[in-house]
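The values are calculated or read from the model by the stated rules, or taken from the named source; none is laboratory data. Remember, it's a predicted structure, so these values are computed and weren't measured experimentally. Cβ atoms come from the backbone with ideal geometry, glycine included; neighbour counts cover every protein chain shown.
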Amino acid sequence: MFRRNADHHHHDLDERCGIHAFDRAAGRCRTCGDHYCADCLVYPQGPRRPPYCVRCALVAAGVRRRPARVGLRMG
């Protein structure tokens, strides 16, 4: 039988979405590793494979060359 590390699992449950700060994270992006809510994750290869965040999914699909930056540019 496998046991999950309770402290590590609890830490993941407390994480917040990188886009929607008031939403709990539902998972992590397989590429960038950031936490995101269910609305920000996509599963292009099915629910049994790790998800992408929308930005990394666009890069993986060839729509963008690199992930868009979040926030405003100054300068």
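Worth a mention:
- Number of residues in region 1-38 that are modelled with pLDDT of 55 or more, in a loop (DSSP other than H, G, I, E, B) and exposed (fewer than 10 other Cβ atoms within 10 Å of the Cβ): the value is 3.
- Residue within region 42-51 that is surrounded by 13 or more Cβ atoms within 10 Å (Cβ to Cβ), outside any strand (DSSP E or B) and at pLDDT 90 or above present: yes
- Screening residue 67 with (1) in contact with a Cys (Cβ under 8 Å, 6 or more places away or on another chain); (2) at pLDDT 90 or above; (3) buried (at least 16 other Cβ atoms within 10 Å of the Cβ) gives one miss only, at (2).
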